[in-house]
Each structure stands twice: as C-alpha cells, then as structure tokens.
Amino acid sequence: MVRVRFAPSPTGYLHIGNARTALFNYLFARKNSGKFILRIENTDTERSKKEYEESILEDLKWLGLSWEEGPDVGGPFGPYRQTERLQLYRDYANKLVSEGKAYRCWCTKEEIEKRRSSGDQQNSGYDNYCRNLSVSQISSFQAEGRNPVIRFRVPDKKVVVNDIIRGTVIFEAGTLNDFVIMKSNEIPTFHFAVVIDDLSMQITHVIRGEDHLSNTPKHILIFEALGCNPPAFAHMSMTLGTDRTRLSKRHGATSVRQYRENGYLAEAMFNYLALLGWSSKDNQEIFSKQQLIEEFSLQACNKSNAIFDPAKLLWLNALYIRKKSSSEIFEISLPFLEKAGYSKSELEQHKKIIEKVIDVEKEKLKTLQDIPERTGYFISEDISWNSEIEKKVKIPEFEKTLSEISDLLKTIEPFEKSVIEATIRRFCEERNLKCIEVFNPLRFVLTGQTKGAGLFEMIELIGKQRCIKRIENFLKLKTG
RNA sequence: GCCCCCAUCGACUAGCGGCCCAGGUCACCACUCUUUCAAGGUGGUAGCGCCGGUUCGAUUCCGGCUGGGGGCGCCA
C-alpha cells in the first residue's frame, strides 16, 4: 500500500512551489490507489501560526486535493501535528542516546562560531566538540545550568540515496557534522521529526523538493540507527521565478491564495502545476484531474528546475473559464462581484441577466476578476463616459444620427438581437452610412466601452428603455 | 570553503545513436475571420552552453569546463 504525505510548515500561506509538491504527492497516491496524508510540521514554535495552518488546509482543498489522514480528519497514525507528538520524538531520542548513537551537547552558538572561525580548517559548522566528553566535563556543564541539545553521532561511511527521479546519489557522511536532533527546549529538529513521523506513519514514498536531497543522508542515517529501512525517495525539481532564482515575493504572486483572490480557477492552477516538471508521453497539455491521475508517473518527472510562467497560467485560466457553463461561472464569481460593490440580493435579483452576460462575454475573460467591469453596464441603470476613450470614436454629425437611432429603437418590437440588427443595418443603408462608422460609436454611447460582446446582443440585454435613456443622457451631456 | 543536483527555442517540454538541417504548447510577430475586444484558423521568428573523447554516425553515451540551482542552522 502506497502511503505518501505532504508536510507543510504553517509559517505562511501555501506557496506555489509547495502546492506543486502537494499535487505530485496527491497524483502519485491516487494513481497507485494509495493514501495521501497531511501532516503539519510546526516544530518551529517561533514562526508557526494556527491561522496559517487553517489557510493551508483551505487552499489545498480549494485546489482540489483531498487527504485520507490529517490534522482535521484524524486517522490511525495520528496525531498529525508535530507539536502533539513531542513525547514520541523524546522517546526515540533517548533511545538513541542510550545506545550511544546520539549524545548531549552543551555548546552555545557563540562557542561553536568562535571555534570555527579560529580553526585552521575552512570547515563550516559544528566541530563535534561534545562527542566524547568526560564525566567531569559533563557535570561541570550541568552545574552551569546549561540546557543541552541532542546531536546525532554521524558515522564515517558512504550513504547511498536511490532516488526515483535522480537515480543513485552517493554521499560521504564523514563530511557531515554531528547535527542536532533535539533542540534544548526538547522539541525535535526537522531532520529528526520527519524521520520519526515518516517511520511511524508508515510512509512508503517521500516525494519532496530537491532542496532536501542534500539532507537525505541525514535522514537515512537516522533510519539506519533505528534499525529501519528508509522509504523510497523522489526529489522533484524546484520551482523558480522568471529570473531563475527561488520563487519569492519579488516575482509577484507566489501563494495560491493570491491567485485564488486574483480570479484564477482551481482547475487551471491544478493543470498548470502538473505541467511544471512533468509531461505526458504525447505532450498533452490540457488534462482533467482524472486524466492526470491516470497518466502521472514519477519516472516521467523532469530533473531540471522549472520556471513558473504566469503567462501560461493565465492562458490556461482563460481556457478553463471558456469551458465552464455560465451558471458555474456566476457562482464562483460572486465574491468578485460583491467585492466590486454589488450586494448579495442585487446579484441574486440579476442572476439571469448576469448569466446571459457571462455567456456573451465568456470568451473574453482572462480571470474572474474581469467579470465586474464586463458586466457592470448591464446591471447598473446609468453609466458614465470616459472622455479619453471618447476621443477615439468621434464622428461628425453623430449627435443627429444618434437621436434618430434612439427614435428607431423605440419602434423595435420584439426587442431582440436579430430584429435590432436588421433594423439598424437597414437604417445605415438608407442613410448611406458605413456600418462600422455607426456601430462603434453606438457601442461606446451605450456601454461606455470600446470593447465587448456583439453589439446587438448587448443592446438586447441592456434593454430598450435603458438604451434610449443612455442615448438621451449622452446627448444631454453633449449639447450642454 | 566543502558536498549534491541540473543543462534542448524567452518559458514549459518531446527526444532515450542514424527517423532531427530537432517536434508540441505558452509568449511574441504577421496574415486571416470580424460591428469592437477576444476567441478561432494559417504561417513565422527562435533552441541542442563549451571543449575533448567513444562511434561509420552524436541533441542523445563518457570526461572536463562553464553556467544555473540546492545543501552544509537549537528554520523547515
């Protein structure tokens, strides 16, 4: 039984790169009919926040990922929050100490740094100072009231990582320093907690970012010291920003929360993230979740880092918007409409018309955020005209033509797209006017915009009375 | 300083010794469709980092170099 986990640390919103890691774990679990487990790694008590944990869970769910075991749903290997498992880590740590595989170290940060900078070797980090302390040294440290950390006694040997994505990677453990597994506050470090948790939660495959590849020997060494076989490892390529450095705030939006708030669809994000560092045999680009699950494999993962390209995400987003029905889009765009100032009741009241508008405007939408400005002139009673844009559409004697069209509109019955179009086209013909010279300015007068859906469907949706009123208002404005 | 990973168009990638004077997608450009804006259609610009091997033959295999990324925390 395949068991994989995603183990975020709740120190911020769900990052795009982490979301991709979560996604790959999820796909692998589903593909292999295994379990996907969510574990909260909150041993950094300084930076971990409950709000972040909640937001990460929300965003994962929004993305469309679901888990069988986790802090919210429980499970047979819980608890799933590391701060609730402290006794477990302490027990294992003490076991290692009693077996001589780990030891207490009383050095302060300053002492370590001092010895490092004064030493002749360029070697960085801890110098294994407390490895073999005498009983008297230990008791004198204790007498000083120092709180020790527990360090792992790193053996001098080769450690082989058989990585599913990268193949065999060999490390010389002798180049590692004895690293801390328990902090002086008796909270485990990441390296120790992951191993104990992956072990006790019976994780079979550890799928994580390449930034952990260099740390993997430490983890394997701990598994071995505990007399256990390590899980299989798969280190995915990293997600970088457009300048090839780590994706960070400098690159704009980096959390899935931000994309969600900017009007991106979960399906688009899901699909896009899957394409980063993975590809199907035939280079297919558009996948449903189900197809992705069927096609996914770790072997097909690319070894080189991938740059997050917002432009391609945007393209996919527009594509997924076009694929959705207008009632679906209406539902998910409600928060955006409300944010633009429409009340819930107002939106409910105009539901039918907004859906029609979405139908007509759908193919122009890039994000859900575009919806308010695209639908505003259908909902509002009155509109205003931007004088800058107006300059583009001026034509001579337009006022006169406009009032004639207004009169014409009054006579149209039924007020439907095809009838309106036929009437106005006939009008242009009779006056010997080029259609385009009439259509564009008319669009501007009626909507305040120079872009939008087909002119006649817009006129129909705006409605006879409002069209006439808008023309009147416009003429009033022009003639003083 | 030490250790590890990676290297095909601007970006994501296909390629697993000859089918490749390198294919697809996004972006970009042009044309087309068109009442606007899009979407769509057609076409185009653009890439195997460098140097040595191996081989009849290297994008593909090996080595070095260079470049990029990562790790070496009482952060995860």
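Ignoring the sites themselves, what is the longest stretch of chain A with no GluC sites (Glu not before Pro) in a DSSP loop and at most 10 other beta-carbon atoms within 10 Å?
Values: sites that count: A:Glu46, A:Glu144, A:Glu381, A:Glu397.
Between the exposed loop sites, the longest stretch runs A:145-380.
Regarding the range A:139-257, what's the average projected area of the Cα-atom convex hull, expressed in nm²? Please report the intermediate quantities before stating the final value.
Details: hull surface 44.0 nm².
Averaging across all directions leaves 11.0 nm² for the Cα convex hull.
What does a probe at A:Cys435 reach in the range A:452-480, counting residues whose amide N is under 13 Å from the point 7 Å along Cα→Cβ?
A:454-457
Calculated FRET efficiency, A:Thr245 and A:Lys364, Cβ-Cβ r, R0 30 Å, to nearest 0.05?
Working: r = 34 Å, r/R0 = 1.15.
For R0 = 30 Å, the calculated efficiency reads 0.30.
For the range A:325-374, compute Rg over Rh where Rg is the Cα radius of gyration and Rh is the Kirkwood radius from the inverse mean 1/r over Cα pairs.
Values: Rg = 9.7 Å, Rh = 10.6 Å.
The Rg/Rh ratio comes out at 0.91.
Just need the relative contact order of the range A:262-316 here, percent rounded to a whole number, with Cα pairs under 8 Å and 6+ apart. Please report the intermediate quantities before stating the final value.
On the way: 34 pairs, mean separation 26.6, N = 55.
The normalised contact order for the range A:262-316 reaches 48 percent.
Given a Förster distance of 51 angstrom, what is the FRET efficiency for A:Leu475 paired with A:Ala311, based on the Cβ-Cβ distance and rounded to 0.05? Could you put the intermediate results ahead of the total?
Working: r = 43 Å, r/R0 = 0.84.
It comes to 0.75.
Carbon-plus-sulfur fraction of the accessible area of the range A:325-374, 1.4 Å probe, in percent?
Details: 1290 of 2660 Å².
The C+S portion of the solvent-accessible surface of the range A:325-374 is 49 percent.
Once R0 is set to 56 Å, what does the formula 1/(1 + (r/R0)^6) return for the Cβ-Cβ distance between A:Asn215 and A:Leu408, expressed as a FRET efficiency to the nearest 0.05? Working shown, then result.
Values: r = 75 Å, r/R0 = 1.35.
FRET efficiency, A:Asn215 to A:Leu408: 0.15.
Rounded, prolate or oblate: which fits the range A:387-478, taking a ≥ b ≥ c as square roots of the Cα gyration tensor eigenvalues, rounded meaning a/c under 1.5, else prolate when a/b beats b/c? Mind showing how you got there, number by number?
On the way: a/c = 1.40, a/b = 1.24, b/c = 1.13.
Judged from the Cα gyration tensor, the range A:387-478 comes out rounded (a/c under 1.5).
Among A:Gly448, A:Leu475, A:Leu461, which residue has its Cα furthest toward the positive end of the charge dipole of the range A:440-480, with +1 on Lys/Arg Cβ and -1 on Asp/Glu Cβ?
Positive-end residue among those listed: A:Leu475.
Test of understanding: what is the full-extension gain from A:Asn177 to A:Ser304, defined as 0.36 nm times their sequence separation minus their Cα-Cα distance?
Values: separation 127, 0.36 × 127 = 45.72 nm, distance 2.87 nm.
Extending this stretch completely gives an extra 42.9 nm.
Say each of A:Gln290 and A:Asp91 gets a label point 7 Å from the Cα, pointing the same way as Cα to Cβ; how far apart are those two points in nm?
It works out to 4.4 nm between the two label points.
How much of the DSSP beta bridge set in chain A is antiparallel, as a percent to the nearest 5? Please report the intermediate quantities before stating the final value.
On the way: 17 of 32 bridges.
Expressed as a percentage, antiparallel bridges in chain A total about 55.
About the Cα centre of chain A, how large is the charge dipole given +1 on each Lys and Arg Cβ and -1 on each Asp and Glu Cβ? Please answer in debye to the nearest 20.
Working: 71 positive and 66 negative charges, 118 e Å.
Using Cβ point charges on Lys, Arg, Asp and Glu, chain A gives about 560 debye.
Give the average over all directions of the projected area of the C-alpha convex hull of chain A, one decimal, in nm². All intermediate terms of the calculation are to be shown ahead of the outcome.
On the way: hull surface 127.0 nm².
Projected area, direction-averaged: 31.7 nm².
Give me the percent relative contact order of chain A, please, defined on Cα pairs under 8 angstrom at least 6 residues apart. Let's see the in-between values first.
Values: 671 pairs, mean separation 59.4, N = 480.
Contact order relative to length: 12 percent.
Express in nm, to one decimal, how much length is gained between A:Thr45 and A:Ile353 on full extension, taking 0.36 nm for each residue of separation and deducting their alpha carbon distance. Intermediate values should be presented prior to the final figure.
Details: separation 308, 0.36 × 308 = 110.88 nm, distance 5.13 nm.
Stretched out fully, the A:Thr45 to A:Ile353 stretch lengthens by 105.7 nm.
Normalised by the residues of the range A:85-236, what does the relative contact order come to in percent, with Cα pairs under 8 Å and at least six apart?
Working: 214 pairs, mean separation 36.7, N = 152.
Relative contact order comes out at 24 percent.
The values are calculated or read from the model by the stated rules, or taken from the named source; none is laboratory data. Keep in mind it's a predicted model, so treat the numbers as computed, not measured. Heads up, the Cβs are rebuilt from the backbone with ideal geometry, glycines too, and the neighbour counts pull from every protein chain shown. Ligands, DNA and RNA are stripped out before the accessible areas are found, and what is left, the full protein with its side chains, is counted by its heavy atoms. Shrake-Rupley method; radii C 1.70, N 1.55, O 1.52, S 1.80 Å.
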